[in-house]
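Remarks on the structure that follows.
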Amino acid sequence: MEPADPHRPEAAGLLRLYLAEMISRYYGRPTDDAEIDQHLADGHDSDDLAPPTGLLLIARRRGAAVGCIGVRRLDADTVELTRMFVHADARGAGAAAALLRAAESAAREAYAHSIRLTTRNDLVEARALYAKHGYTAIPPYGDDSLADHWFEKRLT
């Protein structure tokens, strides 16, 4: 795991792959660069995943970037996970769990007491992963119109 600037080419490429998958799964069809660019222009960028408001972490396997996760500060005690993504060919090898552990470690280092996240109905694997790692359902928060589920984990 390593921190990354979301504007650097490698990180930006991973974030575009994340958006491509989220768009394709949500709409049930392929997407293209123009649609991804439009989503970025509409505010689905990752500008807040850099200090002082957040952090982007990249997972590597044999030197290649295989996934990412973002952590952004919500308030003095709470951070939010976002932009969780693992390349399809790297799934099932523990990268997602490693990303979660790294994000939780970063949250603790930032003196957060809890981590929250939102996810969608179609992201069944993500919901199972979060539950397996101690995230529990909470009432809705924030203004994410695409969110169907809200989770939180208290950090010790």
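The values are calculated or read from the model by the stated rules, or taken from the named source; none is laboratory data. Predicted model only: the values in this text are computed from it and were never measured. Every residue, glycine as well, gets a Cβ built from its backbone with ideal geometry; the counts of neighbours run over all protein chains shown. These accessible areas exclude ligands, DNA and RNA; they are computed on the full protein's heavy atoms, side chains included. Shrake-Rupley method; radii C 1.70, N 1.55, O 1.52, S 1.80 Å.
Picking from residues in segment 53-67 that are β-branched (Val, Ile, Thr) and open to solvent by less than 50 Å² (accessible area, probe 1.4 Å), the one that is nearest to the chain's Cα centre (by Cα) is Ile58.
Being out of contact with any Pro (no Cβ under 7 Å at 6 or more places or on another chain) and loosely packed, with under 13 Cβ neighbours inside 10 Å is a property that Pro6 lacks.
Picking from residues in segment 16-52 that are among the hydroxyl-bearing types (Ser, Thr, Tyr) and open to solvent by 70 Å² or more (accessible area, probe 1.4 Å), the one that is farthest from the chain's Cα centre (by Cα) is Tyr27. Taking Thr119 as the residue in question, decide whether it is over 21 Å from Met1 (Cα atoms), open to solvent by less than 40 Å² (accessible area, probe 1.4 Å), under 14 Å from the mean Cα position of the chain (by Cα) and without any contact (Cβ under 8 Å) to a residue 60 or more places away in the chain. When the stated conditions are applied, Thr119 passes them. Which of the residues that make up segment 101-116 are over 20 Å from His87 (Cα atoms) and either open to solvent by less than 40 Å² (accessible area, probe 1.4 Å) or not in a strand (DSSP E or B) (or both)? Passing the criteria: Glu104, Ser105, Ala106, Ala107, Arg108, Glu109, Ala110, Tyr111, Ala112, His113, Ser114, Ile115.
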